[in-house]
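Worksheet: one structure, shown below.
Where a number appears in this text, it was derived from the coordinates with a stated rule and is not lab data. Note that this is a predicted model, so its numbers are computed, not measured. Here the Cβ positions follow ideal geometry from the backbone for every residue, glycine too, while neighbour counts run over all protein chains shown.
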Amino acid sequence: MAKKQKTSWIVWLRRLAQTGFFLLFCYLFLQTVYHPINQAGRGVTFFFNLDPLVALNSWLASHVLVGAMLLSLVTLLVTLVCGRWFCGWVCPFGALHNFFTSLRGGPAKQKLEAGGYHPWQKAKYYLLVAFLVAALLGADVVGWLDPFSFFFRSLSTSIYPAINKALVAVFTWVYDANPGVGPVRLTLVTEPVYGFLRKYLLAATQPYYLGSLLIGSLFVAVVALNFWRARFWCRYVCPLGGLLGVVGKNPLVRLNKHQEKCNNCRLCLVDCQGGAAPDRGWRPSECFYCWNCKSDCPAQAITFNAGGRPDAH
Amino acid sequence: MNHFSKWIADFLHPPKEARLDLGRRAVLGAGLAGVGAKLLFGVAPEASKRTFNPALIRPPGALGEDDFLARCIRCGECMKVCPTNAIHPASLEGGFGGLWTPLVVTSLGYCDYECNLCSQVCPTRAIRQIEVAEKQKIKIGLAYIDRSRCLPWAYSKTCIVCEEHCPTPKKAIWFEEVEVRNIQGEKLTVKQPRVDAELCIGCGICEVKCPVKAPAAVRVTSVGESRNPENQMLLSSDSYGVG
Amino acid sequence: MAHIDRRNFLKAGVTAGAGFGVGLLGPQSLIPSPQPPALSIAHYKSSPADPDGIAEEAKRLTRQAVDALGGMGRFVSKGNVVWIKPDIGWDRRPEQAATTNPDVVATLVEMCYQAGAKKVLVSDNPCNPARLSYPRSGIQPAAEKAGAEVPFLDERKFRRMSLNGKVLKEWEVYQDIVEADRLINVPIAKNHNLCLATLGMKNLMGVIGGARNRLHQDLGGTLADLAAFLKPRLVVLDAIRVLTANGPVGGNLADVKRKDTLVAGVDQVAVDAVGATLLGYKPDSIGYIVQGSARGLGAMDFKSLSPRQIEV
């Protein structure tokens with residue numbers, strides 16, 4: 001196997017973008033609370049407004065479009081030019097899956113098999129069709145699998161309450177048990193930390209939600225599936241990914257392979273996030289423009305530019 | 001520029017790698033699945049308008065059920081922002097199609113009288129953006145006293161916690177002072193609560209604060225909800241223009 | 001819990017001893033020196049309609065009513081931790097008279113600091129969510145501006161304590177409030193359908209947690225138990241705007257009446273008796289006042305305390 005290359009600067013930029021949007025989503029999630037007096041934190045709706053799947057389904061099912069949803073046109077326009085950049089750079093749910101995928105261990109060969117293109121990746125397009133037809137008939141159920149809905153709903157009903165409960169339990173235990181020696185007590189440290197967390201992270205009162213077990217279990221299962229197939233949700237399930245794949249199947253910015261440099265080592269496949277098969281032909285509708293293949297190629301055979309050709313066979 | 005013009009041309013004649021390879025029959029199957037789903041959802045009893053689910057209490061400002069289900073993306077923003085933890089994801093209360101749509105569950109939380117946060121956050125306006133003054137006039141359901149469990153009705157004990165918490169400017173719970181006997185045979189006067197069906201907005205604070213547990217002695221069901229002209233019981237309800 | 005009993009003992013000792021200690025000093029002391037009054041009732045001569053006018057009224061009434069008792073220095077000593085307990089129970093605006101007037105609270109905070117308090121805290125265990133009622137009542141911003149800490153209560157700090165009352169043997173009480181040096185109870189006078197009026201003794205329900213919704217099965221007995229256990233050092237009853245119907249939550253501005261009065265006293269039963277009278281009820285028709293008086297917690301016949309009556 002050829003040696004792993006030094007990571008390209010653009011990959012670092014992409015990771016920064018993913019981290020940034022992920023943290024932004026989490027921050028806006030935490031802000032979706034009561035602010036005095038009677039103001040709701042609505043920042044997270046920015047993500048829903050960027051989401052063309054929500055806009056399309058809402059319009060199909062109710063014949064009405066909320067004005068702010070026109071922001072999703074920006075997403076679509078950029079997708080026309082740069083394919084599924086959104087999945088690679090912006091989507092916070094995708095960033096989560098990317099993170100768990102990167103935790104996978106095992107030799108490169110295993111990753112090759114799990115990472116390459118799989119025909120089941122077409123499932124997300126069929127799901128998309130089913131949702132769109134149902135919406136046309138008035139049943140707007142795309143929210144079940146829209147990535148932002150899925151993520152926010154899981155966080156709000158299950159994951160965040162669980163984290164809240166765990167943190168409160170730890171600090172309560174320390175408060176009650178009050179371990180320490182003489183005047184030097186652990187609570188001298190933990191209580192100010194707890195005060196800070198109560199103000200900025202923890203919920204005002206512990207929330208409990210019906211149906212949280214199912215919702216939380218689905219979330220954990222979907223995230224865990226990244227250990228079986230890289231970015232499982234993004235490749236096989238996500239209807240937004242499907243929509244962006246359809247819109248972005250003919251991008252202007254394309255993978256360009258210098259065939260004369262390529263020695264078929266298939267290292268480009270090991271970290272391919274989307275399952276876009278950069279080793280044989282490249283599928284634009286699956287590519288997240290993560291730039292891992294370009295960064296990993298020991299022969300620098302891969303570049304991305306306008307009008308590139310994959311020319312693998 | 002020649003890349004650019006090739007790109008435009010490729011929209012009209014997609015090259016090999018741009019094709020998605022979706023089987024025609026598979027796409028048709030997916031479409032039929034969508035149709036099938038809609039049909040399946042449509043045969044839940046709630047869709048018949050003959051019956052209504054007592055637990056299908058939607059947040060104030062919610063559209064009529066058909067429109068609501070056409071807009072709600074089950075994102076959970078309303079569930080997160082509700083300061084009283086009153087909004088929960090539905091299971092089957094709204095039929096299959098209503099899975100994970102928001103439900104006000106009055107055994108777990110109540111709708112605060114001065115709050116309209118859910119209507120502020122809904123990204124698709126399935127819950128309309130309404131001012132607090134309008135929200136306060138919307139009925140999301142109606143409370144009823146369970147006389148077999150209520151302390152002054154069934155146990156000869158004083159209470160009135162439900163009335164104490166009722167937020168409507170003129171209380172939607174009133175009392176009859178009744179002389180009862182307790183188990184020792186002594187006579188005492190207790191205030192027995194009754195709900196004023198015209199005034200009650202179904203917020204549920206009575207159910208949440210009632211000292212009787214599992215279930216409370218005063219509970220809310222969806223009948224009388226403003227957004228549904230069919231789910232009514234009073235002659236004076238708006239649909240017939242009486243009162 | 002010995003700690004709690006000692007604090008109650010100390011509280012009882014001071015209020016009883018205040019009158020006697022002075023008289024032991026020698027021949028001149030055979031003429032008893034004037035004792036500071038136990039009760040003051042301050043009434044504002046005008047009834048301003050504008051918010052600034054009402055704020056001014058609240059501040060002046062509060063200062064005068066407490067000064068008439070001998071000043072805040074009588075109740076707060078240098079270095080004290082003072083806990084002020086207003087009614088912040090409901091998500092209502094100040095003019096709806098469901099919560100204590102914020103300027104009354106803010107003035108008391110200032111007076112405590114002027115008397116040398118180390119820290120002044122203001123809080124309540126409300127019926128609507130605290131995050132909503134604290135700001136909308138105006139009490140959190142006003143008290144914080146005056147320099148108080150206005151915490152949301154911490155679930156972990158409700159501890160089961162022995163009340164050893166006639167009805168309540170034990171209950172969950174907020175530890176920090178019980179351990180504070182001074183407790184100042186600042187209720188607002190409101191109509192209540194079960195006990196006719198909610199005043200100071202009922203306001204103490206905001207110091208406890210647990211299943212408070214059960215206390216109504218014997219409000220007379222349970223509130224008397226609470227009052228006996230907590231024995232606030234000072235009670236200041238806001239009767240500037242009172243809720244005369246549909247209390248204690250109210251909502252209709254037509255139910256709010258201006259009494260432009262502030263009552264301050266060390267006798268929590270007497271203060272409540274004045275409040276009941278202001279709302280139009282006879283003190284002996286209110287269960288917790290009768291029981292409080294019967295148990296020696298205070299005087300239902302407030303006139304017997306020779307209250308200082310002031311016109312401001």
ask   = Within the bounds of segment A:126-140, is there any residue that is facing chain B (nearest Cβ under 8 Å), of a type in the set (S, T, Y) and either out of contact with any Lys or Arg (no Cβ under 8 Å at 6 or more places or on another chain) or farther than 20 Å from B:V121 by Cβ (or both)?
value = yes
Residues within segment C:130-147 that are crowded, with 19+ Cβ neighbours inside 10 Å and out of contact with any Asp or Glu (no Cβ under 6 Å at 6 or more places or on another chain), tallied = 10
query = For segment B:20-83, list the helices (runs of 4 or more DSSP H) that sit wholly inside it and hold at least 1 residues that are within 11 Å of chain A (Cβ to nearest Cβ) and β-branched (V, I, T); which are they?
reply = B:24-42, B:77-81
Any pair with Cβ under 7 angstrom, 6 or more apart, that starts in segment B:113-129 at a residue that is facing another protein chain (nearest Cβ under 7 Å) and at positive phi and ends at one that is among the aliphatic types (A, V, I, L, M) and surrounded by fewer than 24 Cβ atoms within 10 Å (Cβ to Cβ) = B:R125/A:V66
Every residue from segment C:249-292 that is of a type in the set (D, E) and touching a Lys or Arg at 6+ places or on another chain (Cβ under 6 Å) = none
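Taking strands (runs of 3 or more DSSP E) that do not extend beyond segment C:83-180, which have at least 1 residues that are more than 29 Å from C:Q291 (Cβ to Cβ)? Before the answer, list the steps.
Values: elements: C:119-122, C:158-162, C:170-174.
Fully inside segment C:83-180 and qualifying: C:119-122.
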request  = Inspect all residues belonging to segment A:286-306 and state whether any of them is within 23 Å of B:D21 (Cα to Cα) and of a type in the set (G, A, S).
outcome  = no
inquiry  = Among the numbered criteria (1) under 24 Å from C:L219 (Cβ atoms); (2) in contact (Cβ under 8 Å) with a residue 40 or more places away in the chain, which one does C:A273 miss?
reply    = (2)
ask   = Does at least one position in segment A:94-115 carry a residue that is within 22 Å of the chain's Cα centre (by Cα), within 30 Å of A:V64 (Cβ to Cβ), in contact (Cβ under 8 Å) with a residue 24 or more places away in the chain and within 10 Å of chain B (Cβ to nearest Cβ)?
value = no
query = Got a number for residues in segment A:128-174 being aromatic (F, W, Y) and closer than 20 Å to A:F196 by Cβ?
reply = 3
message = Criterion first (in contact (Cβ under 8 Å) with a residue 60 or more places away in the chain and surrounded by fewer than 17 Cβ atoms within 10 Å (Cβ to Cβ)) does A:L136 satisfy it?
response = yes
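Take the conditions farther than 17 Å from A:Y117 by Cβ, outside any strand (DSSP E or B) and not polar (S, T, N, Q) and apply them to A:K249. Does it pass?
In short, no.
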key: Residues within segment B:156-180 that are closer than 20 Å to B:V212 by Cα, more than 9 Å from chain C (Cβ to nearest Cβ) and either of a type in the set (K, R) or in contact with a Leu (Cβ under 8 Å, 6 or more places away or on another chain) (or both), tallied   = 3
remark   = Flagged in segment A:169-220 as within 14 Å of chain B (Cβ to nearest Cβ) and small (G, A, S), in numbering order, are A:A203, A:A204, A:G211, A:S212, A:G216, A:S217
note = Log entry, pairs with first residue in segment A:44-68 being facing chain B (nearest Cβ under 8 Å), second being among the aromatic types (F, W, Y), beta carbons closer than 8 Å, six or more apart or on different chains, reads A:V44/A:F25; A:V44/A:F29; A:V44/A:F152; A:F48/A:F148; A:V54/A:F48; A:V54/A:F148; A:N57/A:F131
